[in-house]
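For reference, the structure discussed in these notes is given below.
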Ligand code: ADP
């Protein structure tokens, strides 16, 4: 535990030394691939919505350009030629342009948000459904689990890709082109100035937005490390205090906080850097244009309307230009997120059922391991394991921690498949059986019972969704849970799980036993709890387990001597192999046997495993 905490800080320090900002970079080819896929998957479904939104955006762009355009008749007609009748028309036109812009802006925003929300909801559903099809092995790899957790937030990437593409092309690009067109139309000569100024400004904006992206990414990582550090310190506070780790942790977190603070300051400096730059260039341009207009008006008697229209275009073009300059970095970020979603969605569900897989037919529920080899990675965990768990009997797995007992249990529901050898249930090789039918015949009680969000009744019903309330109550009675359930304020409807009532370890155990009982499956896989239950709880849990075990084929990782003694068969495991097999009497008397030695060490040494 301590080690895990320290590792965290070590990582934090490593990050400080060499910020890894390259990791999520993405080349233009990858952007195109993801872009095409996002558009292909979503464009068609929302073709109408997007069409209306695009129409609205074009209206926004056109009315923006229109405002610049009408400057010329305003200035020339009203101020220069002093024609009142023109004014009315122009004012009306401006009014209309504002109204059109307002409504079009409203509708495009509402439509795009609605489509965006629909995209997010759809991908969340798709992701969740897909995650369920992935094997247990996928989730036990740390990286995959991390991806799975983070990914539901990244769905917004797909929406952002769509919105960015649409708004940037239909609004910003068009506005920019219309305004530019107006500039050239009003004064081709002055437009040359624009073509000189614009590219460097555009490039500067783009550069700044890229720098910003790198620094922002570092800041996000640093901030999450600060939060993580605090959280871990709080969770491990007793260890922190017991080992007097405070000064060391304090020093480390201070370093992180300072780094995060500096990074935030840099973000502000960089993002505000374009302020003075743009103002200087704009000031220069606007002053120059005015000087030029004044000169022409005074000395050449040219009405200044065209120049006004030009200046307004120039000013209005700034916003779309700024957004277009940021487009690439924003698109990259959205694409990185979207790509993560696709990586997960494209992940093949490992261990699909074979095409010819049949449903399991259970008669006696006899389980046989025949020459089973297994490895999670490269290291062999099970080596030629063979044994039989007879139907209707209890088979206890015992042996030191790490011997492979849990792995044996994990192979029966096919959380993993053996690398070699086979497992049979009533003579049927389970690799040729549909996983669904296999698991329907199994019930599982883990060492640490897991309760889901919902009521007590819901939690028991997960054992068999079509169980009636009466069956649930019956199972709860058999599991010695009914009385404490009734003592809760809302009885069976009392909420449990993350936000529910706090139940004791023993009570949670009994609920999970009730869940297994209601399933009424012929095979029970059981990892006995070793956590310190108080004596009363332990007695209740034991009685509940006895109930659950009777008449079933039970494979139990036994931690209690009483379970082992009563088991019809004991499989003693060591280093992934079955080293002894028999019942308590025969094994206890075998000279020099592992079981005899463990037994002599007395309780609870039958199994050295107290983890999980
Ligand atoms: P036991 O239940 O007897 O303590 P396990 O079956 O849990 O033994 O573990 C056997 C070996 O497999 C151990 O060396 C353990 O570290 C390893 N192991 C268990 N689960 C995994 C996993 N998900 N990924 C990689 N190795 C694992």
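If you check residue 436 against the conditions, is it farther than 28 Å from residue 580 by Cβ, surrounded by fewer than 18 Cβ atoms within 10 Å (Cβ to Cβ) and within 16 Å of the ligand (Cβ to nearest atom)? Spelling it out, it is not the case that residue 436 is farther than 28 Å from residue 580 by Cβ, surrounded by fewer than 18 Cβ atoms within 10 Å (Cβ to Cβ) and within 16 Å of the ligand (Cβ to nearest atom).
Kindly indicate whether any position in the range 357-366 is outside any helix (DSSP H, G or I), surrounded by 19 or more Cβ atoms within 10 Å (Cβ to Cβ), modelled with pLDDT of 85 or more and within 16 Å of the ligand (Cβ to nearest atom). No: the range 357-366 contains no residue that is outside any helix (DSSP H, G or I), surrounded by 19 or more Cβ atoms within 10 Å (Cβ to Cβ), modelled with pLDDT of 85 or more and within 16 Å of the ligand (Cβ to nearest atom).
For every residue, the table says whether it meets (1) assigned to a loop (DSSP other than H, G, I, E, B); (2) touching a strand residue (DSSP E or B) at 6+ places or on another chain (Cβ under 8 Å); (3) more than 15 Å from the ligand (Cβ to nearest atom).
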| position | (1), (2), (3) |
| --- | --- |
| 398 | no, yes, no |
| 406 | no, yes, no |
| 413 | yes, yes, no |
| 421 | no, yes, yes |
| 431 | no, yes, yes |
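Looking at residue 449, is it part of a loop (DSSP other than H, G, I, E, B) and more than 15 Å from the ligand (Cβ to nearest atom)? Answer is yes for this residue.
Restricting attention to the range 386-396, and to residues there that are over 21 Å from residue 435 (Cβ atoms) and not in a loop (DSSP other than H, G, I, E, B), which single residue is nearest to the ligand (Cβ to nearest atom)? Filtering first and then ranking leaves 396. Only a single criterion out of (1) in contact with a helix residue (DSSP H, G or I) (Cβ under 8 Å, 6 or more places away or on another chain); (2) under 22 Å from residue 136 (Cβ atoms); (3) more than 10 Å from the ligand (Cβ to nearest atom); (4) outside any strand (DSSP E or B) is not satisfied by residue 372, namely (4). The single residue among 221, 201, 215 that is in contact (Cβ under 8 Å) with a residue 24 or more places away in the chain and either within 15 Å of residue 257 (Cα to Cα) or touching a strand residue (DSSP E or B) at 6+ places or on another chain (Cβ under 6 Å) (or both) turns out to be 221. Each residue in the range 127-141 was checked for being within 13 Å of the chain's Cα centre (by Cα) and either surrounded by 13 or more Cβ atoms within 10 Å (Cβ to Cβ) or within 16 Å of the ligand (Cβ to nearest atom) (or both), and 4 of them qualify.
Evaluated against (1) more than 10 Å from the ligand (Cβ to nearest atom); (2) closer than 27 Å to residue 549 by Cβ; (3) under 30 Å from the mean Cα position of the chain (by Cα), residue 349 falls short on exactly one condition, (2). Take residue 98 and tell me if it is at pLDDT below 90 and either surrounded by 12 or more Cβ atoms within 10 Å (Cβ to Cβ) or in contact with a helix residue (DSSP H, G or I) (Cβ under 8 Å, 6 or more places away or on another chain) (or both). Against the criterion (at pLDDT below 90 and either surrounded by 12 or more Cβ atoms within 10 Å (Cβ to Cβ) or in contact with a helix residue (DSSP H, G or I) (Cβ under 8 Å, 6 or more places away or on another chain) (or both)), residue 98 does not qualify.
Each residue in the range 559-612 was checked for being surrounded by fewer than 15 Cβ atoms within 10 Å (Cβ to Cβ), part of a loop (DSSP other than H, G, I, E, B), away from the ligand (no atom under 14 Å from the Cβ) and modelled with pLDDT of 80 or more, and 1 pass. For the range 311-321, the criterion of being in contact with a helix residue (DSSP H, G or I) (Cβ under 6 Å, 6 or more places away or on another chain) and not in a helix (DSSP H, G or I) is met by none of the residues.
Checking the stated criteria, residue 115 turns out to be within 21 Å of residue 54 (Cβ to Cβ) and either away from the ligand (no atom under 16 Å from the Cβ) or surrounded by 15 or more Cβ atoms within 10 Å (Cβ to Cβ) (or both). Of all residues in the range 224-236, those satisfying the criterion of being within 19 Å of residue 262 (Cα to Cα) and buried (at least 16 other Cβ atoms within 10 Å of the Cβ) are 225, 226, 229.
Close Cβ contacts (under 7 Å, 6 or more residues apart or on different chains) running from residues in the range 545-560 that are at negative phi to residues that are within 16 Å of the ligand (Cβ to nearest atom) and assigned to a helix (DSSP H, G or I) comprise 555/409; 556/563; 557/405; 557/406; 557/409; 558/564.
Just checking, which of 480, 492 is at pLDDT below 90, crowded, with 16+ Cβ neighbours inside 10 Å and not in a strand (DSSP E or B)?
480
So, residue 492, is that one in contact with a helix residue (DSSP H, G or I) (Cβ under 6 Å, 6 or more places away or on another chain) and on the phi > 0 side of the Ramachandran plot or not? Spell out how you get there, then give the answer.
Values: in contact with a helix residue (DSSP H, G or I) (Cβ under 6 Å, 6 or more places away or on another chain): yes; on the phi > 0 side of the Ramachandran plot: no.
Against the criterion (in contact with a helix residue (DSSP H, G or I) (Cβ under 6 Å, 6 or more places away or on another chain) and on the phi > 0 side of the Ramachandran plot), residue 492 does not qualify.
The values are calculated or read from the model by the stated rules, or taken from the named source; none is laboratory data. It should be emphasised that the depicted structure is a prediction, and the values quoted were computed from it without experimental measurement. Don't worry about glycine lacking a Cβ; one is built from the backbone with ideal geometry, like all the others, and counts go over all protein chains shown.
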